[in-house]
1. Within segment 1-52, track down each residue that is modelled with pLDDT under 90, outside any loop (DSSP other than H, G, I, E, B) and under 15 Å from T109 (Cα atoms).
2. Which is of a type in the set (F, W, Y), part of a loop (DSSP other than H, G, I, E, B) and under 20 Å from P20 (Cα atoms), of Y107, Y101?
3. Of (1) buried (at least 19 other Cβ atoms within 10 Å of the Cβ); (2) at pLDDT below 90, I61 satisfies all except one. Which?
4. If we scan segment 147-162, do we find a residue that is of a type in the set (S, T, N, Q), in a loop (DSSP other than H, G, I, E, B) and at pLDDT below 90?
5. Please state which of the following conditions A85 fails to meet, knowing it meets all the rest: (1) more than 21 Å from D60 (Cα to Cα); (2) in contact with a Leu (Cβ under 9 Å, 6 or more places away or on another chain).
Amino acid sequence: MKTIAPTLKAQKNTLAVTNPWVYLIVVQVTDTQALYLTNHSESIVYDGHTYKPFPVAVGDIGEDSKGNLETITLSISNINRMAMAYMELHDALMGRDVWIYIVNTVYLTQAVGLGIFQVTEASADENVATFTLGHYHFFSVKFPRNRYIKGRCRFVFKSVECGYGGGHATCNKTLTGNTSGNPGCKYHNNSSRFGGFPYLVSGRSMTI
């Protein structure tokens, strides 16, 4: 189950929704190039990237009755042949990573990550390119789960463990960074939630 900030939860539970929820989608085209797309009518800047409005649709994300992770369908308009051009140049984007977020247009700094997926099937016609997304390969997940390092926070920025709910969009995961160019826990007034272990012997780390 995804954990969302209280402000987003309140917005989600509002009976009359006046501010839409929209998708932010990152399609990794090559190792150095990505498409940043949104189904919103206007561009959205999130985490330093501009997501451009484009006709995209995301299928249902969920589990089957046995708890197995289902595949997801991502549809991207091909009217201008942009999607097909990328597919022809890059092996139909097979195996490429896709990140999907959902965000409320009032709280653009508090996107909820729905997961990292990989393209497992792809097809296109003159109207639409359709990609079947599978969940990220489990053997690619870092193990062990936790690594305790002296000077670097192990928590995901703005997660429950991190506890930061302010307006800044990035964190460099250090304890002492205190400027906009070096935005660590001190800069976010969040030093008490730092997920590193500053009293570890220098140069040492622990894994469990």
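The values are calculated or read from the model by the stated rules, or taken from the named source; none is laboratory data. If you're wondering where the values come from, they're calculated on a predicted model, not measured in any experiment. All Cβ positions, glycine included, derive from the backbone under ideal geometry; neighbour counts span all protein chains shown.
1. P6, T7, L8, K9, Q11, W21, Y46, listed by residue number.
2. Numbers: Y101 fails: part of a loop (DSSP other than H, G, I, E, B).
Matching residue, one of Y107, Y101: Y107.
3. (1)
4. Step one: of segment 147-162, the residues of a type in the set (S, T, N, Q) are 159.
When the remaining residues are screened for being in a loop (DSSP other than H, G, I, E, B), the result is 159.
Then keep just the ones that are at pLDDT below 90; that gives 159.
For segment 147-162, residues of a type in the set (S, T, N, Q), in a loop (DSSP other than H, G, I, E, B) and at pLDDT below 90: present.
5. (2)
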